[in-house]
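Q: Okay, here's the structure, questions in a sec.
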Amino acid sequence: MMEQYREMRIFVEKAINEPGSHGFDHTLRVITLCEIIGREEDAKMDILIPAAIFHDIARPLERKTGVPHEIKGAEMAEKYLIRISYGEKRISQILHAIKAHRFSTAMVPETLEAQILSDADKLDAMGAVGIARTFISAGERGDDIKDGLNHMHEKLLQLSGLLYTRSGKKMAEKRHEFLLSFVQALEKEIDMEINF
């Protein structure tokens, strides 16, 4: 299994060939979070880990084509997994997890593995890493600090209440506290700006 996972990671890393807020480092952190939560929640790791590896494979394509990355990513994962004969039942569950992982998607994660992937993806948007990713993303869009702050209010500060698993919720507590204290400090410093 580990050799298959390693080959999947190499394949996905080549597809996510640019740094940024959703670079391959984000994928690696989500894989690690899935490993931690998955073991605590007794998940099927042969479904969870491939889903984590592939969850953002189509992010670069979404920026170019506008096609939702969770839909295109599931298609790309399916082709790869069929080619290596990963098993129809497992592939189906992996695709569901990929399609349901996104914060803004209407699809609800129906399996434990899909819920864990969703939680792991949200956890990487919280805490210190989430703050760093927010400002990388703002820069990518040509936005400024206030736009990043607005994103924190509109999305990141809501995430702790949207997690599914007991383990994910526990991990979110410190990250949410850190995020909240950062937002409060940033707002105070922004309010100090001189207006001419």
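The values are calculated or read from the model by the stated rules, or taken from the named source; none is laboratory data. Note that this is a predicted model, so its numbers are computed, not measured. Cβ placement follows ideal geometry from the backbone for every residue including glycine, while neighbour counts extend to all protein chains displayed. Keep in mind that these areas ignore ligands, DNA and RNA; they rest on the heavy atoms of the full protein, side chains included. Shrake-Rupley method; radii C 1.70, N 1.55, O 1.52, S 1.80 Å.
Q: Could you tell me which residue of the range 95-112 is nearest to residue 161 (Cα to Cα), considering only residues that are open to solvent by 10 Å² or more (accessible area, probe 1.4 Å) and under 14 Å from the mean Cα position of the chain (by Cα)?
A: The qualifying residue nearest to residue 161 (Cα to Cα) is 103.
Q: Can you tell which of 85, 92 is in a helix (DSSP H, G or I), of a type in the set (S, T, N, Q) and either in contact (Cβ under 8 Å) with a residue 40 or more places away in the chain or open to solvent by 40 Å² or more (accessible area, probe 1.4 Å) (or both)?
A: 92
Q: Condition check: closer than 30 Å to residue 191 by Cα and open to solvent by 60 Å² or more (accessible area, probe 1.4 Å). Does residue 136 satisfy that?
A: Yes.
Residue by residue, here is whether (1) loosely packed, with under 15 Cβ neighbours inside 10 Å; (2) of a type outside the set (Asp, Glu); (3) closer than 27 Å to residue 34 by Cβ holds:
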residue	(1), (2), (3)
151	no, yes, yes
155	no, yes, yes
162	yes, yes, yes
165	no, yes, yes
168	no, yes, yes
174	yes, yes, yes
177	yes, no, yes
186	no, yes, no
192	yes, yes, no
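Q: Looking at 3, 40, can you tell me which residue is open to solvent by 60 Å² or more (accessible area, probe 1.4 Å), part of a helix (DSSP H, G or I), in contact (Cβ under 8 Å) with a residue 40 or more places away in the chain and farther than 24 Å from residue 132 by Cβ?
A: 40
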